[in-house]
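In what follows, a single structure is set out as structure tokens and then discussed.
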Amino acid sequence: MTDLLALEQATTYRDIAGKQVAASYGNDEAARIAIREGCALANRSHWGLIRLTGSTRLNYLHNQTTNDFKRLQPGQGTETVFVTATARVVDLVTALVAEDAVWLLTSPERREVLLNWMPRFVFFTDDVQFQDETDNYAILSLVGPTSSTLITALGAGAVVGQPLDAHSLVTLAGVEGVRAVVGGGLGNEGYTLIVPLAGAGAVWTALRQAGAEPLGADLWETLRVEQGRPSANRELTEEHNPLEAGLWQAVSFSKGCYIGQEIIARLDTYQKLKQQLWGLRLSAPVPPGTPILVEDKELGTVTSMAETPNGPFALAYLRTKGGEAGVTARVGEATATVVELPYLTRGRSDI
């Protein structure tokens, strides 16, 4: 998949989860401006797409992930987390409830993991099937303040003004069967389009002609680090739980029993989080894995690092005791200031 959809020639490519992805289109400054002032367009077709069917699909997800699926109606969606029995993270996914299926948008690195994981928890009373749809659809995300105007002009205005993760089937740029979803995968205003593969080139071309600026995977990575969106194999691992990762918005505390629920409930009730995810403004770049020291005592470890227009920026898990916004620390040869992250939440929203 050097250029999965032959959408546009990139200047550099890199491997993500075994697929060659456009790393940069040579326009990073223009793409940053588009995110702030216009609309940027990212090809996220290397992310996983899994379709669940069967009469008990909602009950299955309700019992196997952290969020409440019994409250969801067709056309609604939610973030939810697959966790182990000890409440460790398997993956953060976006679940889209349709009339006849639930669509899961997974991390690129966790698609195969989930395809192997989910059938292990299907019991004889369940009627649920799993279909990998990753190679049958393109996933295109729009990010920026003019994205609503752009998709409305192209025929996908039905989702504009709807809550996050709401979705609708639309005809966009003459292509039928496009699922338009509120949210572009980052904290900015945006939308995600799940496009039948045969129509992906036409949709991409229409979006570009309407003014969307292409956004490569390297800049996407920088943006997700700046915002604090946790990533699989870095911040989302079986060493961490959803509350430590700042994913409180993806956890229901009222829905009752699910795998890992008792542990998550205890962490909440007794405020027992040992560590939490934070941002670090750095004086110099440091590699992931670098220890973070305060008065020669280790406070945590860097998980991701990116160069930004405002200097190096990192994500790190810090011990709850001592880790908070404003703390200064030593990270390798660099100094760092701990800062809050806009993507994350640090408490229940139902209190």
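One table, with the values for the structure above:
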| read-out | value |
| --- | --- |
| More than 31 Å apart - percent of Cα-Cα pairs taken over the chain | 34 |
| Within the chain, helix-based [θ] at 222 nm, where runs of 4 or more DSSP H residues each add -39,500 (n - 2.57), nearest 500 | -5000 deg cm²/dmol |
| Only Lys, Arg (+1) and Asp, Glu (-1) charged, at Cβ; the range 96-192 dipole about Cα centre in debye | 280 |
| Range of Cα positions in the range 88-199 per principal axis (Å), largest first | 47, 29, 23 |
| Dipole magnitude of the chain about its Cα centre (Cβ charges: Lys, Arg +1; Asp, Glu -1), debye to nearest 20 | 640 |
| Nearest-20 debye value, the range 165-255 charge dipole, Cβ charges on Lys, Arg, Asp, Glu | 300 |
| Top positive-direction residue, dipole computed over the range 266-351 with Cβ charges, set Thr269, Thr320, Gly289 | Thr269 |
| Computed over the chain: relative contact order in percent, which uses C-alpha pairs under 8 Å that are six or more apart | 18 |
| Among Gly279, Gly260, Ala334 the positive-end extreme of the charge dipole of the range 247-349 (Cβ point charges) | Gly260 |
| Alpha carbon centroid spacing (whole Å) that separates the range 72-141 from the range 246-296 | 23 |
| 12 Å beta-carbon shell around Arg36, net charge (K/R +1, D/E -1) | -3 |
| Rounded to whole Hz, the Karplus (6.51, -1.76, 1.60) HN-Hα couplings of the range 275-285, x for glycine and proline | 8, 9, 7, 9, x, 10, 8, 10, 7, 7, x |
| Hydrodynamic radius of the range 224-351 per Kirkwood, over alpha carbon pairs, in Å | 15.1 |
| Long-range lysine pairs (8 or more apart or interchain), the chain, Cα under 15 Å | 4 |
| Binned Cα-Cα distance frequencies in the range 17-160 - 10 Å width, integer % | 10, 34, 32, 18, 5, 0 |
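A short reminder: the numbers here are calculations on the coordinates, not readings from a lab. These figures come from a predicted structure and were not determined experimentally. Positions of Cβ are backbone-derived with ideal geometry, glycine not excepted, and every protein chain shown enters the neighbour counts.
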